[in-house]
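The values are calculated or read from the model by the stated rules, or taken from the named source; none is laboratory data. Since the structure is predicted, the reported quantities are computational estimates derived from the model, not experimental observations. Neighbour counts run over all protein chains shown; Cβ positions are idealised from the backbone, glycine included. Note: areas computed on protein heavy atoms with side chains; ligands, DNA, RNA excluded. Shrake-Rupley method; radii C 1.70, N 1.55, O 1.52, S 1.80 Å.
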Amino acid sequence: MLRRLTGRVPGGRPRAIPGWDSLDLPWREAELAVVDLELTGLDLKRDEIVSYGGVVVRGGRVVASTVVYGLVKPRIPVTAESIAIHALRPADLEDAPGLDACVEALAELLTGRVLVAHAAWVERAFIGRAFGEFGLRLDGPVVDTAALARELGLAPRGAETEPSLEGLASGIGLPLHTTHHAAGDALTTAGLFLALASRLDRAEPQTVRSLTNVSHRQSLGAQRRPFPF
């Protein structure tokens with residue numbers, strides 16, 4: 001099936017995986033795919049995905065039946081610092097599928113949907129690089145829950161670190177799913193997204209475009225902000 005998804009267009013350019021294209025609809029009328037990745041490390045050019053999780057938000061609700069999760073066997077060692085966070089050891093990943101299975105699952109999840117992630121520059125960078133290996137290109141709007149939190153004053157603007165997902169969620173009374181587990185963090189991010197988008201909506205009706213604009217505006221320079229590990 002991956003071969004069907006990854007055909008290149010004439011000239012050798014990557015084939016786009018289209019996201020949600022009706023940007024001016026209210027966000028509750030859009031389908032969104034909330035994604036979380038666990039990694040060998042945070043070097044955007046070198047490190048790799050070791051697990052992925054995702055869930056669909058439809059009609060302003062988390063659709064629990066759509067949760068996807070998988071492990072990925074990386075081609076480089078997992079750093080000790082990363083193992084201390086997500087607890088995925090080399091032995092846990094030895095028999096996992098390769099990157100192609102991850103790309104297949106994420107391409108299916110993201111097609112026709114808005115990508116939502118916490119500190120989304122990380123997911124966007126790693127998904128983009130993984131897709132590129134198979135002739136695919138992520139092409140669609142992206143919403144960043146860390147940026148929405150900054151817009152609402154729930155996280156400091158211009159801070160040296162990204163706000164933690166767990167801290168934001170628990171700070172506004174949301175349940176925490178299994179932390180530093182890709183599916184658990186995707187579910188926590190989905191709940192956080194709904195809470196933050198609803199707060200912004202009360203001040204001014206929000207569309208997919210307005211949420212992506214906030215994400216872009218509040219994420220400027222985010223690539224220089226490390227995580228508070």
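Which one of Glu48, Glu38, Glu29 has the biggest mean-square fluctuation once the chain is modelled by GNM with Cα springs under 10 Å?
Comparing Glu48, Glu38, Glu29 in a Gaussian network model of the chain, the most mobile one is Glu29.
Please report the carbon-and-sulfur percent of the accessible area for the stretch 80-229; probe 1.4 Å, protein heavy atoms only, DNA, RNA and ligands left out.
53
With springs only between Cα atoms under 10 Å apart, run a GNM on the chain and tell me which of Val142, Val35, Val122 wobbles the most.
Between Val142, Val35, Val122, it is Val122 that shows the largest mean-square fluctuation.
Accessible area per residue, 1.4 Å probe, Å², for the stretch 104-212: what's the number?
Value returned for the stretch 104-212: 37 Å² of accessible area per residue.
Report the label-to-label distance for Asp92 and Arg157 in nanometres (one decimal), using points 7 Å from each Cα along the Cα→Cβ vector.
With each label placed 7 Å out from Cα toward Cβ, I get 3.8 nm.
What's the extension gain from Leu25 to Arg199 if we count 0.36 nm per residue and subtract their Cα-Cα distance?
Value of the extension gain: 60.9 nm.
Can you work out ³J(HN,Hα) from phi for every residue in the stretch 102-115, in order, using Karplus 6.51 cos²θ - 1.76 cosθ + 1.60 and θ = phi - 60°, giving whole Hz and x for Gly and Pro?
Using θ = phi - 60°, the values come out as 5, 4, 4, 5, 6, 4, 5, 5, 8, 4, x, 10, 7, 6 Hz.
Give me the extension gain from Tyr69 to Asn213: residue separation times 0.36 nm, minus the current Cα-Cα distance, reported in nm with one decimal.
Answer, rounded to one decimal: 48.9 nm.
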